[in-house]
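Quick note: the coordinates plus some simple rules give every number you see, no bench work behind them. For clarity, every value in this text was computed on a predicted model and none was experimentally measured. Note that each Cβ is placed from the backbone with ideal geometry, even for glycine, and that neighbours are counted across all protein chains shown.
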Ligand SMILES: [Zn+2]
Ligand SMILES: [Zn+2]
């Protein structure tokens, strides 16, 4: 990891904040999170192809720079969408026993707080 990596992570955080400000806190299930992530990855693919077409078409240097900047921004967005997906996973997995929404404790359980099920909550 370099200083550039740290700077990039700052950009990812800023993008994540921008998304939170725009959409509010999102509580999708995993299927929707994957769909949102796939949409962002698709935009990366689109940007790569657009750049390639620009190079092949002899596009001006300034246009190529702009399309590369767009590609970079899309990559930052992929990372920024991946982070709330991982957060969602943490909140929907008991950090004590590992049970999930789909595979709860045998005796039955519910979330007493994000990442903690009723079987593992010492307050119950
Ligand atoms: Zn548990
Ligand atoms: Zn449980």
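Regarding segment 1-46, what's the average projected area of the Cα-atom convex hull, expressed in nm²? Spell out each step's value before the answer.
On the way: hull surface 17.1 nm².
Across all orientations, segment 1-46 yields a mean hull projection of 4.3 nm².
What FRET efficiency, computed as 1/(1 + (r/R0)^6) with R0 = 30 Å and r the Cβ-Cβ distance, is obtained for residue 87 and residue 7, rounded to the nearest 0.05? Show your work: numbers first, answer last.
Details: r = 22 Å, r/R0 = 0.74.
Taking R0 as 30 Å, the efficiency between residue 87 and residue 7 is 0.85.
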Q: Any chance you could give the angle, 0 to 90 degrees and rounded to 10, that helix 3-23 forms with the longest Cα principal axis of the chain?
A: 70 degrees
Q | Spin-label model distance (nm) - residue 29 vs residue 49, 7 Å beyond Cα toward Cβ | A | 3.0 nm
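Percent relative contact order of the chain, based on C-alpha pairs within less than 8 angstrom and at least six residues apart?
On the way: 85 pairs, mean separation 28.3, N = 124.
Averaging sequence separation for qualifying contacts and normalising by length gives 23 percent for the chain.
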(Q) What is the distance in Å between the Cα centroid of segment 8-35 and that of segment 65-83? (A) 13 Å
